[in-house]
Amino acid sequence: MTFLCGRTGEDGAATDELADTLGDLPLALEQAAAYLEETGTSVRDYLRLLGEGELLGLGELTDHPDTVASTWALSLARAQTEAPAAKDLLALCAFLAADDIPRTLPVEHAQLLPEPLKEAATDRLAYNRVVGALGRYSLLTASQDSLAVHRLVQAWVRATLDQHTQRHWAAVAVQLVWAAFPPDTYDPATFPACARLLPHALAATNHASRLAADPEATAGLLTRLGAYLWRRAEPRQARQLFERALAILETRLGPDHPDVARSLNNIGNSLRGNGELPAARTYYERALPILKARLGPDHPDTARVLNNLGAVLGALGDLDAAREAHQRTQAILEAQLGPDHPDTVSNLDNLGLVLRRLGQLDAARDAHQRALAIREAQLGPDHPHRAHALSSLGSVAYQRGDLRVARTYYEQALDVYKARLGADHPDTASTLANLANVLRDLGYLPAARAALERAQAIFEARLDPNHPDLVQTQASLQIVLDDLRDPDPPTGRTPAAGALPLYEARVGSGNPLATTILSNPARIPPALGQSAQLPANDHRPTAVPYHKPTNA
């Protein structure tokens, strides 16, 4: 009663009756007060309108469904009188996330909207009138750059729509977010925009999937979301979205369509990012024959999957097969796309990684230096791709025993990763672990321990407990602790002797790399390019995602 009296200036039995009718529910009280303020209606007249209005329930969403729905219905009818597109804007917002809806989202892609919202969105003044009308009646909250709608209001709006109309607005929401979501999700410059749109994309695709609304746009947006999350080192979440896209594409296009193969490739990338290498290999090997049959063995898309398969083969220890895959990929991409194309350069970097593992250090260095020069020219000094090449060159220098050169490369890469991907990104952690191995061999054991503990904390927070990168880092840390003769290592450290089973669980039993990296506690002679048991953590090979529109 105090709230209503303060907002309306009325006192007495009428406000008591209204508060009681609204069940003292704050959201309903706010809706009613906004209506009374804007229209000058008396409390008694508002009570009469509530009594005459159609009571639209919300099921189990609230203890006062009819009352709350009636306040919204009255408010929306009034707002629509002032701005005819008000109902459509509220319907669109009901299929997005509730908070921080970019205010300009409908304006920037007005061509995708139905009338009368399309007409309003093409005129900033008209659009502002629509937003203002809904805001005045507390159906949404507007700021300079965002809109927000209460979740119960969203649910009520959806409940008032028949299934056909729900499907229509779910499709509009998916198309709108897909048009706004940056296509180059690999570029860190797009991350802020992607992060803001992510909850709206998830909400829109969830509604669209439930209603079978515009499957093509839904699959395209799911794929783009997955690519963004994969790049942000969220492979498990990315895989869920890629799998949803795959299910849609297989149903609509059949099991042998190139877009299905691209989706299989994306799932393979997410599995590899999560350290599930044999499973990733299976998906790549499913995708490859589809692309060979439908697009040809020399198509760039076929080569991209072959590059990703080669990276997994290398990680699984089949180095000869990996080298063959990357050399074949390089020939195709150089012929089809040119030697300086980003995909060609990614494969070149991966080829260099395999050559290093094979001990062909001069060839590996040449490949990484070529990749670094192209990336610096194309992307500038602070792109993560450049950091990848720097880290790769650091690993070559480390294997040669050039510890100070390796340290310089790793420190340069670390600066880029921290600035562009963040201090808690797994690529940052990998470079920290690499740098720690160099510091260990240079005799800076406390610094090496600090770097490895930081890397381990990142991996523990972002990766599965038996991810190869985490297991290898734990083993490296145990060596440093042994060197420091720490009598009481922190709880939970995995010694190198116990790391091999965990590592092999992900990379395959008998993997020669696993055995070399983890099983032998003896020091590797300096003549082999290392002075300690563990080589630097192999930097993740570059994976090539597909996040194009479905029919591109």
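The values are calculated or read from the model by the stated rules, or taken from the named source; none is laboratory data. Please read all numbers here as calculations on a predicted model, not as lab measurements. Positions of Cβ are generated from backbone atoms using ideal geometry, with glycine treated the same way; all protein chains shown enter the neighbour counts.
Going through segment 233-257 one residue at a time, which ones are part of a helix (DSSP H, G or I) and surrounded by 21 or more Cβ atoms within 10 Å (Cβ to Cβ)? The answer is PRO235, ALA238, ARG239, LEU241, PHE242, ALA245, LEU246, ILE248, LEU249.
What about ALA193, is it over 14 Å from the mean Cα position of the chain (by Cα) and within 22 Å of LEU225 (Cβ to Cβ)? In short, no. The residue that is nearest to ALA97 (Cα to Cα), among those in segment 110-148 that are touching a residue at least 60 places away in the same chain (Cβ under 8 Å) and in contact with an Asp or Glu (Cβ under 7 Å, 6 or more places away or on another chain), is SER138.
Being closer than 28 Å to ASP318 by Cβ and in a helix (DSSP H, G or I) is true of LEU355.
Being within 29 Å of PHE191 (Cα to Cα) and small (Gly, Ala, Ser) is true for just one of ALA303, ALA322. Which residue is that?
Numbers: ALA322 fails: within 29 Å of PHE191 (Cα to Cα).
After applying the criteria, what remains is ALA303.
Note on segment 160-181: among residues that are in a loop (DSSP other than H, G, I, E, B) and in contact (Cβ under 8 Å) with a residue 40 or more places away in the chain, the one that is nearest to the chain's Cα centre (by Cα) is PHE181.
I'm trying to understand the selection: among the residues of segment 24-46, which are under 42 Å from the mean Cα position of the chain (by Cα), crowded, with 16+ Cβ neighbours inside 10 Å and outside any helix (DSSP H, G or I)?
So the first thing to find is which residues in segment 24-46 are under 42 Å from the mean Cα position of the chain (by Cα), and the list is 24-35.
Then keep just the ones that are crowded, with 16+ Cβ neighbours inside 10 Å; that gives 25, 27-35.
Hit for segment 24-46 is LEU25, nothing else.
Every listed requirement among (1) in a helix (DSSP H, G or I); (2) closer than 26 Å to LEU225 by Cβ is met by THR81 save one, (2). Candidates LEU222, LEU202: the one that is part of a helix (DSSP H, G or I), touching a residue at least 24 places away in the same chain (Cβ under 8 Å) and touching a Lys or Arg at 6+ places or on another chain (Cβ under 7 Å) is LEU222.
Here segment 7-23 is the region considered, the condition is being surrounded by fewer than 18 Cβ atoms within 10 Å (Cβ to Cβ) and within 27 Å of ALA159 (Cα to Cα), and the residue that is modelled with the highest pLDDT is ASP20.
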